[in-house]
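Participant: Handing you this structure, nothing more for now.
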Amino acid sequence: MSEFNNMEFMAKTTLYTGSGSLKFLKGAIDKYGLEGNFLIVTDKGIQGAGILQKVIDSLPGIEEKSKIVNDIKPNPSVTAMNAIYERHKDDGIQNIIAVGGGSVVDAAKALAVLFTNGGSIDDYFGFDLYVNDPLPIFAVATTVGTGSEGGHASVITVDNSDLKTKKLVFGEGLFPKAAILDGELLLGMPGSLVASTGMDALTHAIEGYVSRNGSIVTDALNLHAVRVIGEAILEASSNTTNISAMNRMIQASTTTGIGMSNGGLGLVHGISHAIGAQYDAPHGIVNAILLPYVLEYNWIANPKKFADVAQALRVNTWGLSVEDAAKAGVRRVKELTKEVGIPETLSEIGVREESIEILTDIAFNDELYMGANPRRATRKDIKEILTKAIGPTNQELHSETEKVTVGSAN
Ligand SMILES: [Fe+2]
């Protein structure tokens, strides 16, 4: 129960919100009187969309004292982070600007630790394990899902051990100094990216709200984010030039980002990190597919909070019992996933039944998420969730179709 938990609530990033708020980035950086060179971290998609150039144009003189890393891939890995650090460690880098979504911001945080502490990023998995303060980070958010721009965690794929998984570097010094949440920068981005990253944000908000580690403070952030995302995600994903919807989505995703970095997440993220690492699959899509299956499993652990989620999603719960309201909320999430065009099963994105054992092992042993999940899950529970979420394989579907065809002929 949120109200009984002892917790430290940290929110240390100055947020600049609203259309055109990129104009505040220069002042936010100047405030720190920073010296030395900058590393600008981004990916090719952001560069190709012209967003990187807009950021550079907003910071006169920055280009001469910057190195640009434009090759951040989804699910940044230990190997990739160490290689970037080696490439630039003698370039006098003293500040980092991240222009991108979750992978870019997480990569920027990992690099911020490496530039002041050296070594390999897997030396720092855990809480506050670095000795020297990381470099100051400034983030310009370009998706509507990560929340990383307002938090103090960096999620890194462990690709240098036999077991491919994801681990987190946490640290108070990893909160970006400032984050720009400018809906104008997102106009015209692919609707499918709004759908997948937006559903990731909805996952943060719901998992955060029902987390066993939350507080009334994180509840406030997460539940309001459920409401705003529930209202805006259809408008935003179907028309990414809708500036009002894009501003609502980006602000809500950071709102719940602050909530989740303080109150934790749950089993959706436990399983999705396992799948993301094993299959190099896109985080938002995996979460969005898993969300209804995990909620169907979880709601009985806290029907009252799931009923709140239903109401935040504008489900008409008038006259329903708390339990029926909770179930109606889960059904609405399932519909929403379909309405934004997310596949219904993991098999549609290539996850195979033979991985169930390894995925279950990784998720079950991830206490960060298992401990926060409202229902105490067993290995068997996780296997059942995965079996349902993977769904019938193509072969099974094929043989079902044959059965129907043969049956109709008679
Ligand atoms: Fe996430």
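All of the numbers you see were taken from the coordinates with simple rules; none came from a lab. Just so it is clear, the structure is predicted and the values come from calculations on it, not from any experiment. Cβ atoms come from the backbone with ideal geometry, glycine included; neighbour counts cover every protein chain shown.
Participant: Once phi is turned into θ = phi - 60°, what whole-Hz ³J(HN,Hα) does the Karplus curve with 6.51, -1.76 and 1.60 give for every residue of the range 14-24, x standing for Gly and Pro?
Facilitator: My calculation for the range 14-24 gives 6, 9, 10, 10, x, 4, x, 6, 4, 4, 8 Hz in order.
Participant: Taking loop as defined by DSSP and a crowding limit of 13 other beta carbons within 10 Å, which trypsin sites (Lys or Arg not before Pro) in the range 1-64 fit?
Facilitator: Those that pass, being in a loop and sparsely packed, are K31.
Participant: So, one more: At a 10 Å Cβ-Cβ cut-off, how would you order W299, W318, fewest neighbours first?
Facilitator: Lowest count first: W318, W299.
Participant: Right, here's the next one. Count the lysine pairs in the range 191-392 whose Cα atoms lie under 22 Å apart, taking only pairs 8 or more positions apart in sequence or on different chains.
Facilitator: Lysine pairs meeting the criterion: 11.
Participant: Quick one: grab the alpha carbon gyration tensor of the range 40-116, order the square roots of its eigenvalues as a ≥ b ≥ c, and give me rounded if a/c is under 1.5, else prolate or oblate depending on whether a/b is larger than b/c. Walk me through the intermediate numbers first.
Facilitator: Numbers: a/c = 2.08, a/b = 1.20, b/c = 1.73.
Judged from the Cα gyration tensor, the range 40-116 comes out oblate (a/c at least 1.5, b/c at or above a/b).
Participant: Could you tally the net charge around L187, taking each other residue with its Cβ under 14 Å from the Cβ of L187, Lys/Arg +1 and Asp/Glu -1?
Facilitator: Its environment carries a net charge of -1.
Participant: A further question on this structure: Ranked by Cβ crowding within 10 angstrom, fewest neighbours first, how are H224, H269 ordered?
Facilitator: Listed from fewest to most nearby Cβ atoms, that is H224, H269.
Participant: Here is a follow-up. Of Q251, Q53, Q311, which has the largest mean-square fluctuation in a 10 Å C-alpha GNM of the chain?
Facilitator: Q53
Participant: Using only the alpha-carbon atoms of the chain, report the extent along each of the three principal axes, biggest first, to the nearest angstrom.
Facilitator: Its Cα atoms span 76, 47, 47 Å along the three principal axes.
Participant: Please arrange S66, S148 by counting, for each residue, the other beta carbons lying within 10 Å of its beta carbon, fewest first.
Facilitator: Ascending number of Cβ neighbours within 10 Å: S66, S148.
Participant: Another one. In units of 2.2 N^0.38 Å, what is the alpha-carbon radius of gyration of the range 239-284?
Facilitator: Details: Rg = 13.9 Å, N = 46, 2.2 N^0.38 = 9.4 Å.
Rg over 2.2 N^0.38 Å, computed on Cα atoms: 1.48.
Participant: Which loop trypsin sites (Lys or Arg not before Pro) in the range 303-373, with loop taken from DSSP, have no more than 16 other Cβ atoms within 10 angstrom of their Cβ?
Facilitator: Listed in order of number, the matching sites are R314, R352.
Participant: Around I285, with a cut-off of 14 angstrom between Cβ atoms, what is the net charge of the other residues, counting Lys and Arg +1 and Asp and Glu -1?
Facilitator: Surrounding charge for I285 is -3.
Participant: Report the net charge of residues surrounding F38, where surrounding means a beta-carbon distance below 12 angstrom and charges are Lys +1, Arg +1, Asp -1, Glu -1.
Facilitator: -2
Participant: While we're on this one: Give the long-range amide H neighbours of A178: residues separated by 5 or more places, or on another chain, with amide H under 5 Å away, using H modelled in the peptide plane at 1.01 Å from N.
Facilitator: Amide H neighbours of A178: T14, A139.
Participant: Can you tell me the Rg and the Dmax, both Å, for the Cα atoms in the range 21-181?
Facilitator: In Å, with Rg to one decimal and Dmax whole: 14.4, 46.
Participant: Write down the Å³ per residue value for the convex hull defined by the alpha carbon atoms of the range 191-392.
Facilitator: Numbers: hull volume 20.9 nm³, N = 202.
Once divided by residue count, the hull of the range 191-392 is 103 Å³.
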